[in-house]
Amino acid sequence: MATKTTIEVPVEEQTIQSEITPQVCEEQVVTAAEPQTEEVETPTNDIARLNKEEVLTRLAEKVSEEPSADLRNEVEALKVAFYKLHRADMEARRKAFFAENGIDAEYTYQTDEAEVKFKELYNIYRSKRDEATALSDKEKEENYQAKLAVIEELKALVDSEEALNTTFAKFHELQARWRNIGQVPQAKVSDLYETYNLHVENFYDYVKINKELRDLDWKRNLEAKTSLCEQAEALTEVEAIIDAFHKLQKLHEEWREIGPVSMEHKEALWERFKAASTIINRRHQEHFEGIKAEQQQNLERKSALCEEVEKMVSESVASHKAWNKASERLQEIQAEWRTIGFAPKKDNNKIYDRFRTACNNFFEAKHNFYAEAKDDMAKNLEVKNSLCERAEAIAEREDWAKATEELLALQAEWKKSGAVARKYTDVVWKRFRAACDKFFERKAQHFSSVDGEYNSNLTAKQALLEEMAQAVVKSFDDIKEYQRRWSEIGFVPIRHKDELQKQYKAVLDKLFAMVRSADREQHLNKFKNKVASMREAGDKRLRSEREKLYNRVKQLEQEIQTLENNIGFFAKSKGAESMIAAVEEKIARAKRNMAEIIEQVKLIDSQE
């Protein structure tokens, strides 16, 4: 049997407020506004076995049917099944692309004709469903007019000159018609039932029905209302207060449908029913007051974070190191912000706008700081171009010792020359490196007499590569041991250096992937247990977890973009290259983290 799943569309920084009035009056109970959810069924075993084309065929068949609750459940189940298959298909295409073109290739998602067709069919279904909803509203208004007509006929019975038995039969016929008419607009329910019950009581008083028939009717009504009292009292012990509150509303609807009881029982019976209703309403009110108190605490915590970011913006930051430290703190603040729940509805959007403005001001100040560094970068570019020219001149010399000393000195100057604009970084570096490589390759060829040792090193490194290729590593320490052994072997012939280094990097990537895969699998298993636990606790926690993960993906995307933009903006410093390498490692780590979070989101989606 398909299971019911409650789906809510996540809205950033939005909360649900409910106003509850615990007081209950005769024949009426006040309902509370509750979060509206849409209940659909997850795919049945039959639908879960369909492929995308079969799902489209099934949906095309269902679209032609008249909208109903069962049809709605099946269409939504088809939607869940289709997008599960669609996401798997898109992921398979993406992996195949990278497997064929390399991980650095730029991948562009192509339009899926099946998805286009699915959206067309689904939009047709939604249009028909909306038309059916509009028709339902019209039917409720027609039901309201029909019940007004029944009330008018009740009023007319008072002036009827027919025999008592005939009049009483007509009265019961009107009661049956009233019950069978159906729902009316919610806003008109209270007044409508008050008017109806008033004329019912007037009828009993006017026609002076004989005591035997009236007592029989009152007895039946007394039994029915006593049963409702017992059900309401049982609801006061139910822990799920929201569910109890909604069931109480249904009991009040039934109470209004039941006719009067004798005067000796009327007041006591109503007081009993009202007492149970008051308890449930009070618990319902306290439940939402607890939510309000928690939201007020959330507002205070968010206000403190806003103040800290605003203080960071007001303080003067005058170095790249200080900006890095401030940026790390801002990331911590943003992460903490996402762990805090909603603020009160009247303050929620305001506090979010305040926080967003403070963050935007921070990034604007940071941008201005690096913009002012552009002049320094232009000067650094001139220095680097000069170093390239000098290196290119040395590359043609054959006084190997002196030329080597001068070239190493140039490399030291290069490290001190500071950063340049990102668009020039690779160009000028490749030019300088090409000159250096040219010199050292010529030098290596000149000293080819040492190739015997290099060939031995080559054989040793090739043997180590074969060992690493067959290895099953369990930790990063195992990989570090292989790296140490590789470094100790020494140089290899220059003609084999690049290819050997390429093979070495490929094997290392495989070993690192092996360790990360084991760690990721362990982490994913823990997360699966967490998802199962949250699902047992209720779909709301599962949706909240998905929203946090989704927001974390967006944050990582922004962090990656910021890190990539900042690579070319490092201040002039001795360790510029090492800093760039550190940032590039952060980017790679963020991308791996984002891939793991996306996998967790997919796991949650598969559970839904």
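The values are calculated or read from the model by the stated rules, or taken from the named source; none is laboratory data. Predicted, not measured: the structure shown is a model, and the values here were computed from it. Cβ coordinates were reconstructed from backbone atoms using ideal geometry, including for glycine residues, and neighbour counts include every protein chain displayed. Note: accessible area is taken over every heavy atom of the protein model, side chains too, but ligands, DNA and RNA are not part of it. Shrake-Rupley method; radii C 1.70, N 1.55, O 1.52, S 1.80 Å.
Can you say whether Met468 is under 27 Å from Ala99 (Cα atoms), over 40 Å from the mean Cα position of the chain (by Cα) and either open to solvent by less than 90 Å² (accessible area, probe 1.4 Å) or at pLDDT 85 or above (or both), as far as the supplied structure shows? Yes; evaluated as a whole, the condition is true for this residue.
Of all the numbered requirements in (1) open to solvent by less than 40 Å² (accessible area, probe 1.4 Å); (2) farther than 26 Å from Tyr83 by Cβ; (3) in a helix (DSSP H, G or I), Tyr122 misses one, and that requirement is (2).
Quick check, is Gly182 modelled with pLDDT under 85, outside any helix (DSSP H, G or I) and over 41 Å from the mean Cα position of the chain (by Cα)? Answer is no for this residue. Within region 244-272, being farther than 12 Å from Ala224 by Cα and touching a helix residue (DSSP H, G or I) at 6+ places or on another chain (Cβ under 7 Å) holds for Ala244, Phe245, Lys247, Leu248, Ser262, His265, Arg272.
Restricting region 357-413 to residues that are open to solvent by 70 Å² or more (accessible area, probe 1.4 Å) and in contact with a Leu (Cβ under 8 Å, 6 or more places away or on another chain) leaves a set whose member that is nearest to Ser327 (Cα to Cα) is Glu413. Looking only at region 311-320, decide whether some residue is open to solvent by less than 70 Å² (accessible area, probe 1.4 Å), farther than 30 Å from Cys436 by Cβ and in a helix (DSSP H, G or I). Checking region 311-320: at least one residue is open to solvent by less than 70 Å² (accessible area, probe 1.4 Å), farther than 30 Å from Cys436 by Cβ and in a helix (DSSP H, G or I). Looking only at residues in region 473-506 that are in contact with a helix residue (DSSP H, G or I) (Cβ under 9 Å, 6 or more places away or on another chain) and of a type in the set (Ser, Thr, Tyr), the one that is farthest from Thr459 (Cα to Cα) is Ser475.
The set of residues from region 507-544 being modelled with pLDDT under 75 and within 30 Å of Lys461 (Cα to Cα) comprises Val515, Arg516, Ser517, Ala518, Asp519.
Taking region 104-156 as the range and being under 30 Å from Tyr193 (Cα atoms) and among the small types (Gly, Ala, Ser) as the test, the residues that pass are Ala132, Ala134, Ser136, Ala146, Ala149, Ala156. Just one residue in the set Ala240, Ala234, Ala224, Ala268 is over 30 Å from Lys138 (Cβ atoms) and surrounded by 15 or more Cβ atoms within 10 Å (Cβ to Cβ); that residue is Ala224. Out of the residues in region 250-262 that are assigned to a helix (DSSP H, G or I) and open to solvent by 20 Å² or more (accessible area, probe 1.4 Å), which is farthest from Asn202 (Cα to Cα)? Of everything passing the filter in region 250-262, Lys250 is farthest from Asn202 (Cα to Cα). Just to be sure, is Leu71 among the aliphatic types (A, V, I, L, M), modelled with pLDDT of 80 or more and surrounded by 14 or more Cβ atoms within 10 Å (Cβ to Cβ)? For Leu71, the condition - among the aliphatic types (A, V, I, L, M), modelled with pLDDT of 80 or more and surrounded by 14 or more Cβ atoms within 10 Å (Cβ to Cβ) - is not met. When each of Lys591, Lys572 is tested for being open to solvent by 70 Å² or more (accessible area, probe 1.4 Å), modelled with pLDDT under 80 and among the basic types (Lys, Arg), the lone residue that passes is Lys572. Here Asp215 meets the list (1) within 29 Å of Lys140 (Cα to Cα); (2) without any contact (Cβ under 8 Å) to a residue 60 or more places away in the chain; (3) among the charged types (D, E, K, R) almost entirely, failing just condition (1). Mind checking which residues of region 322-352 are within 22 Å of the chain's Cα centre (by Cα) and among the hydroxyl-bearing types (Ser, Thr, Tyr)? Matches in region 322-352: Thr339, Tyr352.
The condition of being under 24 Å from Met594 (Cα atoms) and open to solvent by 60 Å² or more (accessible area, probe 1.4 Å) holds for only one of Lys502, Lys510, Lys497, Lys480, that being Lys510.
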